[in-house]
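Asker: Mind looking over this structure? Questions follow.
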Amino acid sequence: MKLNDITKLSLIWGLPADFEGLKNKFLLVPEMRPYLLGLSLCEELKTHGYPYVYVTDNMLGYLFFKGKIKETLLFYLKRTAGEIKGISGSLYVTLLSRLHQVPVYFCPGKRLAAVNDKHAGTLDGRAFVEDEKSVIWPEEEIIKFKEV
């Protein structure tokens with residue numbers, strides 16, 4: 001798909017607890033490394049018949065800059081008063097959305113049952129970095145917000 005063919009996308013970050021709220025949206029699914037969450041999510045979206053486009057994580061800045069993203073749907077792991085806990089990259093996506101005046105909606109999410117990759121030094125379970133000490137391991141992130 002060419003960039004000119006894309007209008008307004010709903011960016012998904014994390015894994016939705018359910019898919020009901022995704023009807024009538026054209027979904028943008030980034031890879032969400034290191035866990036290859038994007039590929040798993042695309043398989044589920046295909047089963048439910050939702051339209052989506054798949055991209056690498058590093059394309060998000062460009063797509064925001066070009067005005068192709070209309071909203072961010074951040075699927076969190078845990079929510080408490082004034083903060084959410086999300087997967088690695090949640091803070092990055094939230095800040096990028098705010099920088100480009102794109103609304104962020106926090107939605108209940110879930111964890112992927114099985115994960116092949118522990119960190120950026122593996123790809124589909126295969127290690128390509130010899131020394132794991134030279135790789136920063138991803139962590140869940142806390143995002144603070146004001147209750148409305």
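The values are calculated or read from the model by the stated rules, or taken from the named source; none is laboratory data. Every value quoted in this text rests on a predicted model; they were computed, and no experiment measured them. All Cβ positions, even for glycine, are placed from backbone atoms using ideal geometry, and neighbour counts span all protein chains on display. Heavy atoms of the whole protein, side chains included, go into the accessibility calculation; ligands, DNA and RNA do not. Shrake-Rupley method; radii C 1.70, N 1.55, O 1.52, S 1.80 Å.
Asker: Looking at segment 102-123, is at least one residue among the charged types (D, E, K, R), in contact with a strand residue (DSSP E or B) (Cβ under 7 Å, 6 or more places away or on another chain) and modelled with pLDDT of 85 or more?
Answerer: Yes, that holds for at least one residue.
Asker: Suppose we keep only residues that are open to solvent by 30 Å² or more (accessible area, probe 1.4 Å) and not in a helix (DSSP H, G or I) within segment 24-49. Which one would you say is farthest from HIS100 (Cα to Cα)?
Answerer: Taking the candidates together, the pick is GLY49.
Asker: Just give me the residues in segment 57-104 being touching a Gly at 6+ places or on another chain (Cβ under 6 Å) and of a type in the set (Phe, Trp, Tyr), in sequence order.
Answerer: Hits for segment 57-104 are PHE75, TYR76.
Asker: Now a separate question. Keeping to segment 84-120, report how many residues are open to solvent by less than 50 Å² (accessible area, probe 1.4 Å) and of a type in the set (D, E, K, R).
Answerer: Counting residues in segment 84-120 that are open to solvent by less than 50 Å² (accessible area, probe 1.4 Å) and of a type in the set (D, E, K, R) gives 1.
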